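Written out below as structure tokens is the structure these notes cover.
The values are calculated or read from the model by the stated rules, or taken from the named source; none is laboratory data. In this text the structure is predicted, and so the values were computed from the model without any measurement. Cβ: placed from backbone, ideal geometry, glycine included. Neighbour counts: every protein chain shown. We work out accessible area using only protein heavy atoms, side chains counted, and drop any ligands, DNA or RNA first. Shrake-Rupley method; radii C 1.70, N 1.55, O 1.52, S 1.80 Å.
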2 protein chains.
Amino acid sequence: MANSPSGDSMTDRIVRVLETFTAERSMQSASEIGRRAGLPSSTAHRIVDELVAAGLLERDEDRRVHLGMRLWELALRGSTALRLRQAALPHMEAVQALIREHTQLAVLEQDEALFLERLSHPDAGANITRVAGRLPLHASSSGIVLLAHAPGELRDRVLASPLRAVSPETVTDAARLRRILAEVRRAGVAVAPGWIESVSTGVAVPIRDAGEVVAALSVVLPREAPPEPAITALRAAVRDIELALRADRR
Amino acid sequence: MANSPSGDSMTDRIVRVLETFTAERSMQSASEIGRRAGLPSSTAHRIVDELVAAGLLERDEDRRVHLGMRLWELALRGSTALRLRQAALPHMEAVQALIREHTQLAVLEQDEALFLERLSHPDAGANITRVAGRLPLHASSSGIVLLAHAPGELRDRVLASPLRAVSPETVTDAARLRRILAEVRRAGVAVAPGWIESVSTGVAVPIRDAGEVVAALSVVLPREAPPEPAITALRAAVRDIELALRADRR
């Protein structure tokens, strides 16, 4: 149905169009979209017209398009992401009020850590993560927590793949990472000093729902800050988030 | 391209599938989706399979599907909704810390108020709005602000349509609403006592970006609370949000 000669579905082509939008590139012409999505110009124009007609994209006076509010609504309204995030937000605010640094919520998505929420204190330090942004599983404290609790086959696949150094201190040795993951499972917390940026330390703990780790809650501390107060605050927040998720299940 | 005999595009059919998901109905079988979307069962199964293959839907062990994290990511990554919401969130937190009631951010979408964010204080009162939920423009304080600043033709269309009473106190008389909208433009604030629920008063102010009203910031107060402290807090937050939006444009 609706498959092109190359065998990709109409859904694939819509995804390729949507993938061309990023935080830095939120407005594009249909021709730019076609080029970036690797689609013939006529196909790109047709898909963009369809997406505009459905409200998933919105067109400006200069005919450039951006992601539509309707797409945002459809993607969020019944989503697990929103459920998790709504359960977590008040307790993330409590962590932020106490620790006064970036507080983040991440899930495992396509072998990476996808950030669902980030609260940033005005006085907080450097932080490269952003909402709807990703980080490698092996390099971020959130990723390490998610990887530690991931199915064994996913863990093996990630550890067997090239482990990119995000900073000079990122651990890229698979055997050493395996030991770290075992320790994270035992201790219930991941501390990643300088793994993403040399000036900061990530601290993350797992969030469980119905017995499964579904997300990681983290803070990004200045490198020299002691992690203990953050760990205590994160654990208190996770207890409350897990209660909220359980209440929400009923 | 990919149009069915009834003339709806593949994009339309994907939207109809996504529309069947709501906060109350986040997990469905392909057959349920087909029935609710008014699509033939074989079509619904094919579209669901495509959406699952692309990660926009995710399938459970029991073969029911839910909205995927990948859809959430694609819808948010380059979105105006996220940009607005990120600019507003720290200042919404400031309002909430001061007023200790629900604090909300809404935009105009398809002749309704669509809520992008809601912060809820644990002690706050009743509130029927939710993130990615909607309210009629004429009945909510946010909607009244958005309607007051909407293009004249949209305002005429909404005022000419049947104005549903959400509560016994919702204003449903078009002439009276016109006078209220003019007063909201003059005063820069909308106060809606009991229009949505008799126990609460909505208070909303406009947020401008590049000279245009792009959103409404609101709080939901207990009916008997004086609105003045909330108006002061909302206006201070809007000044900061507008500065953040301006900084973000550069």
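Of note:
- Every residue from segment B:202-222 that is open to solvent by 10 Å² or more (accessible area, probe 1.4 Å) and either small (Gly, Ala, Ser) or in contact with a Gly (Cβ under 6 Å, 6 or more places away or on another chain) (or both): B:Gly202, B:Ala210, B:Gly211, B:Val220, B:Pro222
- Subset of segment A:211-236 [among the basic types (Lys, Arg) and not in a helix (DSSP H, G or I)]: A:Arg223
- Test result for A:Leu74, within 7 Å of chain B (Cβ to nearest Cβ), open to solvent by less than 10 Å² (accessible area, probe 1.4 Å), out of contact with any strand residue (DSSP E or B) (no Cβ under 7 Å at 6 or more places or on another chain) and closer than 23 Å to B:Asp248 by Cβ: no
- The criterion of at least 1 residues that are closer than 29 Å to A:Ser79 by Cβ is met by the following helices (runs of 4 or more DSSP H) wholly inside segment B:131-207: B:141-148, B:152-160.
- Single residue of segment B:99-127 satisfying the filter (at the interface with chain A (Cβ under 9 Å from one of its Cβ atoms) and outside any strand (DSSP E or B)) that is modelled with the lowest pLDDT: B:Pro122
- Residue list for segment B:184-201, restricted to those being open to solvent by 40 Å² or more (accessible area, probe 1.4 Å) and not basic (Lys, Arg): B:Val191, B:Pro193, B:Glu197, B:Ser198, B:Val199
- Out of B:Leu51, B:Leu82, B:Leu39, sole residue that is aliphatic (A, V, I, L, M) and not in a helix (DSSP H, G or I): B:Leu39
- The conditions of being open to solvent by 40 Å² or more (accessible area, probe 1.4 Å), under 23 Å from B:Gln86 (Cα atoms) and not in a loop (DSSP other than H, G, I, E, B) are met by B:Arg239.
- Of all the criteria given as (1) without any contact (Cβ under 8 Å) to a residue 60 or more places away in the chain; (2) in a loop (DSSP other than H, G, I, E, B); (3) touching a strand residue (DSSP E or B) at 6+ places or on another chain (Cβ under 9 Å); (4) farther than 30 Å from B:Ser161 by Cα, the one not satisfied by B:Arg63 is (3).
- Exclusive hit being touching a residue at least 12 places away in the same chain (Cβ under 8 Å) and open to solvent by 10 Å² or more (accessible area, probe 1.4 Å), set B:Val52, B:Val107: B:Val52
- Test for B:Glu93: is it closer than 30 Å to A:Leu135 by Cβ, among the charged types (D, E, K, R) and open to solvent by 20 Å² or more (accessible area, probe 1.4 Å): yes
- Qualifying position, being in contact with a His (Cβ under 8 Å, 6 or more places away or on another chain) and touching a residue at least 60 places away in the same chain (Cβ under 8 Å), among A:Ala216, A:Ala204, A:Ala237: A:Ala237
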